[in-house]
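The values are calculated or read from the model by the stated rules, or taken from the named source; none is laboratory data. Keep in mind that this is a model prediction, so the values were computed, not measured. Please note: Cβ atoms are built from the backbone with ideal geometry, for glycine as well, and neighbour counts cover all protein chains shown. To get the accessible areas, we keep the full protein, side chains included, count just its heavy atoms, and leave off ligands, DNA and RNA. Shrake-Rupley method; radii C 1.70, N 1.55, O 1.52, S 1.80 Å.
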Amino acid sequence: MHSSDPGTVHIIGAGLAGLSAAVRLIGARRTVAIHEATAHAGGRCRSYYDQSTDMVIDNGVHLLLSGNHAALSFTKTIGSASGLHGPAEAEFSFIDLLSSEHWTLRFGDSRFPWWVFDKDRRLPHTAIVDYLPLARLALASTDKPIGAVINCSGPIYDRLLEPLLLAALNITPSEGSARLASTLIRETLALGGQACRPLLARDGLGTVFVMPAIAYLRERGVSIAFQDELTALRFANGRATRLEFTKHTVDLDENDAVILAVPPYVAVNLVPNLLAPSLFRGIVNAHFRIDPPVHLPPMLGVINGTCEWIFALPGRISVTISDGGELFNAPRADLAQTIWREVAKVARLPDTLPPWQIVRERRATFAATPEQNGLRPTAETAWGNLFLAGDWTATGLPATIESAVRSGYRAAYLAGHQLKAAA
Ligand SMILES: Cc1cc2nc3c(=O)[nH]c(=O)nc-3n(C[C@H](O)[C@H](O)[C@H](O)COP(=O)(O)OP(=O)(O)OC[C@H]3O[C@@H](n4cnc5c(N)ncnc54)[C@H](O)[C@@H]3O)c2cc1C
């Protein structure tokens, strides 16, 4: 006999995976309770007040593409989609700091990659045949390093694939997983400009992904407990039976379920015998408090520099450096100066350093190698009422917002389904 209580879904972690799982469970006639270890939601995608710059900054500028349908549906549901800004058509501007050459790649607005066939849209001095590596990567069937599938040199690689894959996979592309690159290309570049429009939370990640989600969930009766860290899970008879938090314990009823939406290095300590990615890559962000000059594009890819992407945002210029491992030990002030020198050159601004902040996220994403990609677990576990979510679970995507949201949706579906079966 099952109890008539429809049960509670406990979501552990209020990053985007946990928040999207909760959003998906609205309307499922279950009580939803979120437990977050820190004092804030958003996890690796958050905004906060920074004293050095006297501004609200993001831990890192986050870029979405218009093909990220789950992430976009999440913002639509919570009512914040209008906070994402991008050009009317998919375009990416680049500068080569060595040669000072500028170019803009325009993908157009179609649902097919016509831009490859149009010499005015594709990269300068390239022919259609040069784009064959893109097709080879898109069709990669077994998981190998990208460097074993395509030649990681030449103009298409240097000027298109390297900056895009580095940003999306957060790893030196030659070491990255060809399978992840393949999914990425099939879901974006191969679908033409309609799937490649860059979108930025210009006024901060918090205003688009976090605060509206919290408001949406609270209005619908979801409880969100902060500084509520899960320290142990107990199991019996193929189910999770108890949640132990730092300050309290929850005994799970037969219809209760748990969505564990924490990073992999936390999950492996909570779930017995869990295999999960164990290597990580860092991302460095620099924020400068200054009004960007009008001639600076909203987003500029930098080739042959320390900076990788420069973003012109209201009242600030921000810089992202993916897989920035070697920069983690550099003195912060030296790093700020090095980055600013490049920004000043590109934006034609004085060399004097404006108020700045450097944010270094050491474990920004799991290392997107074929080996680590092979360690990603599915959302289902050996325990009937325990489900995993997080950008590191087996979504088939690199560790991105899109992956986190899809994982949250999937875990919510499974938890809802399990509860329905139990009812
Ligand atoms: C600097 C940076 C730049 C990035 N740029 C991009 C980008 O341009 N585009 C893009 O799509 N993605 C980007 N990403 C990746 C993106 O931020 C992540 O994929 C996404 O935020 C992951 O969400 P998540 O919910 O899976 O994990 P997390 O955000 O890590 O959330 C996990 C949550 O669980 C909580 N938690 C941990 N342990 C416990 C516990 N024991 N009990 C309770 N709670 C716990 C944590 O505090 C956290 O809130 C970037 C990431 C970083 C760091």
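Numbers below:
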quantity	calculated
Cut-off 15 Å, label 7 Å out along Cα→Cβ of residue 56, residues of the stretch 314-358 by amide N	314-316
Extension reserve of the residue 119-residue 242 stretch, reckoned as 0.36 nm per residue once the Cα distance is removed	38.1 nm
Largest-first principal axis extents of the Cα set of the chain (Å)	73, 48, 37
Sparse-neighbour loop sites [trypsin sites (Lys or Arg not before Pro); the stretch 301-398; at most 10 other C-beta within 10 Å; DSSP]	348
With Cα atoms, 0 to 90° folded angle of helix 69-78 axis to the chain main axis	60 degrees
Sites matching trypsin sites (Lys or Arg not before Pro) across the stretch 1-67 that sit in DSSP coil, with at most 13 neighbouring C-beta atoms within 10 Å	29
Full-stretch length increase - residue 5, residue 207 - with 0.36 nm per residue and alpha-carbon distance subtracted	69.2 nm
Label-to-label distance, nm, for residues given as residue 129 and residue 353 (7 Å Cα→Cβ offset)	5.0 nm
Using a Förster distance of 22 Å, the FRET efficiency for residue 89-residue 215 (Cβ separation, nearest 0.05)	0.10
More than 20 angstrom apart: percent of Cα pairs within the stretch 184-297	69 percent
Interchain or long-range residues, amide H under 5 Å from residue 365's placed H	281
Per residue accessible area in Å² of the chain, where ligands, DNA and RNA are left out and the probe is 1.4 Å	42 Å²
Chymotrypsin sites (Phe, Trp or Tyr not before Pro) lying in DSSP loop within the stretch 62-102, provided at most 14 other Cβ fall within 10 Å	none
Percentage relative contact order, the stretch 91-226, counting C-alpha pairs under 8 Å, at least six apart	25 percent
Cα point-scatterer Debye curve for the stretch 64-125, base-10 log of I(q)/I(0) at q = 0.12, 0.19 Å⁻¹	-0.44, -0.83
Förster-model FRET efficiency, 22 Å R0, residue 394 and residue 362, C-beta, rounded to 0.05	0.40
C-alpha long axis of helix 332-347 to longest principal axis of the chain, angle in °	50 degrees
Accessible area (Å², 1.4 Å probe, nearest 10) - residue 128	80 Å²
C-alpha long axis of helix 401-422 to longest principal axis of the chain, angle in °	20 degrees
